Amino acid sequence: MATAIGPLVLGPFQFWTWLRVQHPLVHRTLGKIYMIGSFFGGLTALYLGLSIDLEGSKVPLFLLSCTWLFMTIAAWITIRNKNIAGHRLFAIRSYALAMVFVFLRLIGDIPQDKLFFFIKSPEIRDTTLEWLSWIIPLLTIELIYSWIPLLSNKKRQTRRA
């Protein structure tokens, strides 16, 4: 959690249009700090995924860390290639994965026997919570930024003869 504090705090400022437009140097500096925090947060999650004693948490934590690291690195690569639209989308995904710690805390406070009343095994409930803690935020971002725009896109595709 400590390694993710930087990205959690800096993320909202990075998405603030006024800051990006009026103070691009501040945006870049905060972005570098965000990337370093996300890198350490992702590596910490990777370490936890490899070493945690809870069997049901190993795979979800490992995949969360790999996905978070990928999204952060992809955001950096796309901005280096001057692909601002791609950078924005990868940065949003990276931030959603950083927010997993907050999301897990929020849904973790709900008694699991109430949340997952249909699952009898406490171990399976824990594993389900681990998976949902990062799958739901990521799928929500995909729904908002990828799937819904594709469904509402009214451009017609032209076929080449």
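Only the coordinates and a few stated rules stand behind these numbers; no lab work does. Predicted model only: the values in this text are computed from it and were never measured. When we count neighbours, we look across all protein chains shown, and the Cβ atoms used for this are built from the backbone with ideal geometry, even at glycine.
Structural remarks
- In a DSSP loop and with at most 13 other Cβ atoms within 10 Å, the trypsin sites (Lys or Arg not before Pro) in segment 62-161 are Lys82, Lys120, Lys154, Lys155, Arg156, Arg159, Arg160.
- Helix 122-142 and the long axis of the chain differ in direction by around 10°, with both axes built from C-alpha atoms.
- Simple label model, 7 Å out from Cα along Cβ direction - Leu115 to Ser51, nm: 2.6
- Once the convex hull of all Cα atoms in the chain is built, its volume per residue stands at 173 Å³.
- Ordered by the number of other Cβ atoms lying within 10 Å of each residue's own Cβ, fewest first, Leu54, Leu132, Leu10 fall into the sequence Leu54, Leu132, Leu10.
- MRE, 222 nm, helices only [DSSP H, n ≥ 4, -39500 (n - 2.57), over the chain, to nearest 500]: -24500 deg cm²/dmol
- Measuring between their Cα centroids, segment 67-98 and segment 118-132 lie 30 Å from each other.
- All alpha carbon pair distances within segment 1-60 were sorted into 10 Å bins beginning at 0; the resulting P(r) in whole percents reads 23, 38, 23, 13, 4.
- Rounded to whole numbers, the Karplus 3J(HN,Hα) couplings from phi for segment 48-63 are 4, x, 8, 10, 5, 7, 7, 3, x, 9, 4, 5, x, 5, 4, 5 Hz, using 6.51 cos²θ - 1.76 cosθ + 1.60 with θ = phi - 60°, and x at Gly and Pro.
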